[in-house]
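As structure tokens, the structure follows; a few thoughts come after it.
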Amino acid sequence: MAVQDGYLTPRQIVAELDKYIIGQEKAKKSVAIALRNRWRRRMVPDDLRREIMPNNIIMIGPTGVGKTEIARRLAGLAEAPFIKVEASKFTEVGYVGRDVESIVRDLADLAVNMMKEKRFREVEEKASDLANERILDLLLPATTQAVSIDDEGEAAKLAERRANTRRKLQDQLESGHIEERLVEVEVPVERHPMIEVFTPQGMEEMGVNLQELFGSAMGMQRKRRKVTIAEARTILRQEESRKLVDMDAVVREALATVEESGIVFIDEIDKIAGGSNQSETIDVSREGVQRDILPIVEGSNVMTKYGMVKTDHVLFIAAGAFHSSKPSDLIPELQGRFPIRVELDSLTENDFYRILTEPRNALLKQYQALLAADGIDLDFTDSAVKEIASSAASVNMRTENIGARRLHTIMSTLLEDILFEDPAKRGTRKVRITKELVRKELKEIINDDDLSRYIL
């Protein structure tokens, strides 16, 4: 489905998201446009490109309706550095905890690893050839036998025999007949110094760099290990890949990708918003985290171990349930940096039915695959599926609304005995789940409001 340099159109992005996420059309449309705009901006002339800022998105909706799932699936489509963080894990500068700049540092680490893997794949064939040559050298070491200059004929015979032996070994190597044969290779052994570097909040990167400096000073030692040829090929291929790839170029390209295409998903942003039922001390602390996040979202320079990263054009997608707070409880400056506001709908009984049956990773398909490993054919009648959906919607309505997560707990309760039984003792290889069985297994729990709060 990819078009134009591998980028999908908004309609194609939504079609891909539809394979895993039921409903929430507005949210899927918004993230699809935002993702496509990353490619569109690249096509704009340089002087105007710098002026085009990303339209950050904030998704609002109860838990379990698909906010995180949209982000997770978007990461697979983005083909760009993508990181998910939880706002509640961060603290304001001056307090013990993670500082917000670690978001950018983690994004840079991810981008470098992505780019490194990409470049390694590009040289994989050549690296494999070089690794095989080194394996042949291990199998047939260079001869140290001295040959007289006068005996040129004998030297030629030795060289020919050696070439023939090497060709035979190469044939065996290519055919995979000697994969389990042992060879001795040198492998690097990292010696980490027993030094712990303490740095002030917000300067953790300095500590990382100092540790790396000390580690380099200690040097990297190597030791000889006996491994199979299959294992040796992996080790040597990695070594050859590192030799073939220009790591400085990898870092430069990775940082450029972060600045131009990086995406950050900030979950649980409602947890750092103030609310009427929160204490003044807590509110002040949360506001501090918001003010620390603000420069990152606005656009600032963050120092990483690879160099400076500008966040001006990084796309930020925030999400929160906002049960005990409102989006307006965020500081006005932060609100203004998320101009696209998307409200996700609560899930209905029909949504639950579709979630159980339609997606590629539908819950029914997951349990059928799990029990198939034991040779059990798990079958659900349509009426049983509807009853499961109805039960989930009913419990959500009467107790805490946890969205689609309710289906997981209902399914695990419904199938507990089947999952526990020894398939060898069952006597039958086919298990049919009917509406009556669903009602029987879930009746007591569904009818008990207090119990369902904890079990379902």
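Some notes on this structure:
- If you check ARG222, ARG181, ARG242, ARG166 for being modelled with pLDDT of 85 or more and either within 23 Å of VAL123 (Cβ to Cβ) or under 33 Å from the mean Cα position of the chain (by Cα) (or both), only one passes: ARG242.
- Test set (1) in a loop (DSSP other than H, G, I, E, B); (2) surrounded by fewer than 14 Cβ atoms within 10 Å (Cβ to Cβ) - GLY23 fails condition number: (2)
- Residue within segment 97-104 that is within 23 Å of GLU260 (Cα to Cα), among the polar types (S, T, N, Q) and either assigned to a loop (DSSP other than H, G, I, E, B) or modelled with pLDDT of 90 or more (or both) present: yes
- Selection status of ILE60, touching a Gly at 6+ places or on another chain (Cβ under 9 Å), under 19 Å from PRO359 (Cβ atoms) and either in contact (Cβ under 8 Å) with a residue 60 or more places away in the chain or loosely packed, with under 14 Cβ neighbours inside 10 Å (or both): no
- Selection within segment 153-178 - touching an Asp or Glu at 6+ places or on another chain (Cβ under 9 Å) and assigned to a loop (DSSP other than H, G, I, E, B): HIS177
- Looking across segment 1-33, the residues that are modelled with pLDDT of 90 or more and of a type in the set (Gly, Ala, Ser) come down to ALA15, ALA27, SER30, ALA32.
- Verdict on GLY64 being out of contact with any strand residue (DSSP E or B) (no Cβ under 6 Å at 6 or more places or on another chain) and assigned to a loop (DSSP other than H, G, I, E, B): yes
- The residues of segment 346-365 that are under 24 Å from the mean Cα position of the chain (by Cα) and farther than 15 Å from PHE380 by Cα, listed by number, are PRO359, ARG360, ASN361.
- Cross-chain or 6+ apart pairs with Cβ under 9 Å, segment 288-309 first and exposed (fewer than 14 other Cβ atoms within 10 Å of the Cβ) and in a strand (DSSP E or B), then at pLDDT 90 or above and of a type in the set (Val, Ile, Thr): ASN301/VAL309; ASN301/THR311; GLY307/VAL251; MET308/VAL302
- The residue list ALA131, ALA75 contains one member that is of a type in the set (A, V, I, L, M, F, W, C), surrounded by fewer than 18 Cβ atoms within 10 Å (Cβ to Cβ) and either assigned to a helix (DSSP H, G or I) or in contact (Cβ under 8 Å) with a residue 40 or more places away in the chain (or both), which is ALA75.
- When LEU315, LEU330 are checked against the criterion of being in contact with a Pro (Cβ under 7 Å, 6 or more places away or on another chain), within 30 Å of ILE52 (Cβ to Cβ) and not acidic (Asp, Glu), a single residue qualifies: LEU315.
The values are calculated or read from the model by the stated rules, or taken from the named source; none is laboratory data. Note that the coordinates shown come from a computational prediction; the quantities given were computed from them, not determined experimentally. A quick note on method: Cβ atoms are made from the backbone with ideal geometry, for glycine too, and the neighbour counts reach across all protein chains shown.
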